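Inspection log for the structure reproduced underneath, given as structure tokens.
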Amino acid sequence: MNRSAFLGFVALFSTGLALPASADYVRIGNVDVGYRTDRVTQWTRFGGHMEGLRLVADGNDVWCRSIVAHFGNGGSQNVYSGMLREDRPLYVDLKGGTRLVTDVTFTCRSDRRGGAKIYIAANVGRFQNEWRSSPGWATVWSRIFRWGPQSGYDANYWVTLGRERFEGRNDRETTFTGWSGRSVERIGLRAINDDARCSRVRVAFGNGDVKVYDVGRLDQGRMRTIDLPGGNRNVRNLNLVCRAVHGRAVTIEIMARK
């Protein structure tokens, strides 16, 4: 990135891996990146104002000649130039007139045969009502955001029991015990701030039985459920072996349904 582009970037945005705990980024789509040849790709599907954007390379590191955001006020900004690393998400903290993004144009390439992807995630923050009233709410956004029964999460039936944090891209093991004698029929797991992969979920029951599940990949914001057998619904603890897929850490929300 040249010096003038960098200074302009700093003036409008702040980026980094450290984010407020309340920031909840949800993936809204992706663009494909071509092999060795710069490909210009535009993402235009936004439902309203945002607090921030997160861009994550997937499949390989991606070299970007430019990533340009265009705003509702008619302005534009080259928000990034350089190597977008697979293990280092780029956070764009939107301010003032830049909160309404109309499109993001990527001029990027991958040195891996078959190319790569860049995933786009939004932190909608206080602008939920705007996205709810957008033309795409019924057909698109209601299926992505966890704001109602349409997204697969119904607050009338599911209870959040707690959260566990996994650091790094290697498997980490933790045991969650906050069940308080609950008898449940299903367990829900939801990766909050990144994709996750859980190679083993071990459920221990009050009667001494143990069941082991390979949950696999948890796409950010999408809940995966585990159906419990009829005779074994009094859960004593949950042992998880999980890791972050892209970033340095991932938080997994643990839920139960009676």
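The values are calculated or read from the model by the stated rules, or taken from the named source; none is laboratory data. Please read all numbers here as calculations on a predicted model, not as lab measurements. Cβ atoms come from the backbone with ideal geometry, glycine included; neighbour counts cover every protein chain shown. Only protein heavy atoms, including side chains, enter the accessible area calculation; ligands, DNA and RNA are left aside. Shrake-Rupley method; radii C 1.70, N 1.55, O 1.52, S 1.80 Å.
Normalised per residue, the accessible area of the stretch 173-242 is 43 Å², obtained with a 1.4 Å probe and no contribution from ligands, DNA or RNA. Highest-first packing order for the peptide set 88-98, 168-178, 48-58 is 48-58, 88-98, 168-178, based on the mean count of other beta carbon atoms within 10 Å. Phi angles of the stretch 82-99 translate, via the Karplus equation with coefficients 6.51, -1.76, 1.60 and θ = phi - 60°, into HN-Hα couplings of x, 7, 9, 7, 5, 9, 9, x, 9, 9, 10, 8, 7, 10, x, x, 8, 5 Hz per residue; Gly and Pro are given as x. If you plug the beta carbon distance of Arg202 and Asp227 into 1/(1 + (r/R0)^6) with R0 = 22 Å, you get a FRET efficiency near 0.90.
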